[in-house]
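S.K.: Have a look at this one.
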Amino acid sequence: MSFKFLPNARKVAARIVTVAVLTAALLGITSKLQAAVDPVNKNLFGTALQGYDAVAYFKEGKPVKGQSEFRYDWMGAKWYFANAANRDEFAKSPEKYAPQYGGYCSWAVANGYTANIDPEAWRIVDGKLYLNYDKSVQKKWEADIPGFIKRANENWPKLKK
């Protein structure tokens, strides 16, 4: 094959291949970087659990909005509570009350990614708080809670920073 009409065709082709290979490598690296998430799901203001009281899920059996005067900072996030007693209880043992998977959707983590949550889509299983994106996703999660927890437990270390 003759490249007389384009004397540098081989050099151009080699550069195109080099650029393609480097682009593919960079895309692979950035996709891995994008997959790593903060260990705590928080909003733009650094608030965890969308401002809901983590302890209230256990004590009152329902989501309760926290108050700014009952704030506790933990794991780089602001946690709000409905009262001082709940704040103090959380401060003594945050791992006991903090939602699993940093407060990301449990079903999403089980499927290898993260998603935000609806504080109203929740469940306590074996003394641990699990949250879901919304009530429809929660129904999917409830179809095989032990299986989804097992998968999420395997996926979570790979997803968080």
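Each reported figure results from applying straightforward, stated rules to the coordinates on display, with no laboratory input. These numbers come from a predicted model, not from an experiment. Glycine also receives a Cβ, built like all others from the backbone with ideal geometry; neighbour counts cover every protein chain displayed.
S.K.: Over all alpha-carbon pairs of segment 65-161, lay out the pair-distance distribution in 5 Å bins, whole %, shortest bin first.
M.R.: The calculated distribution, bin by bin, is 2, 14, 22, 23, 18, 12, 7, 1.
S.K.: So if I take the centroid of the Cα atoms in segment 31-87 and the same for segment 88-152, what is the distance between those two points in Å?
M.R.: Between the Cα centres of segment 31-87 and segment 88-152 lies a distance of 13 Å.
S.K.: Check Phe70: other-chain or 5+ apart residues with amide H under 5 Å from its amide H, H built from backbone geometry?
M.R.: HN-HN under 5 Å from Phe70: Phe81.
S.K.: Run the simple label-point estimate for Asp88 and Glu69 please: 7 Å along Cα→C-beta, distance reported in nm.
M.R.: 1.6 nm
S.K.: Relative contact order, percent, of segment 93-137 when contacts are C-alpha pairs under 8 Å separated by at least 6 residues?
M.R.: 41 percent
S.K.: Fully extended, how many nm does the chain gain between Lys62 and Ala36 (0.36 nm per residue separation, minus their Cα-Cα distance)?
M.R.: Contour length minus Cα-Cα distance gives 6.3 nm.
S.K.: Shifting gears a bit: Report, to two decimal places, the Cα Rg of segment 52-111 normalised by 2.2 N^0.38 Å (N = number of residues).
M.R.: Normalised by 2.2 N^0.38 Å, the Cα Rg of segment 52-111 equals 1.11.
S.K.: Using the Kirkwood formula over every pair of different C-alpha atoms, what hydrodynamic radius in Å results for segment 113-155?
M.R.: 10.6 Å
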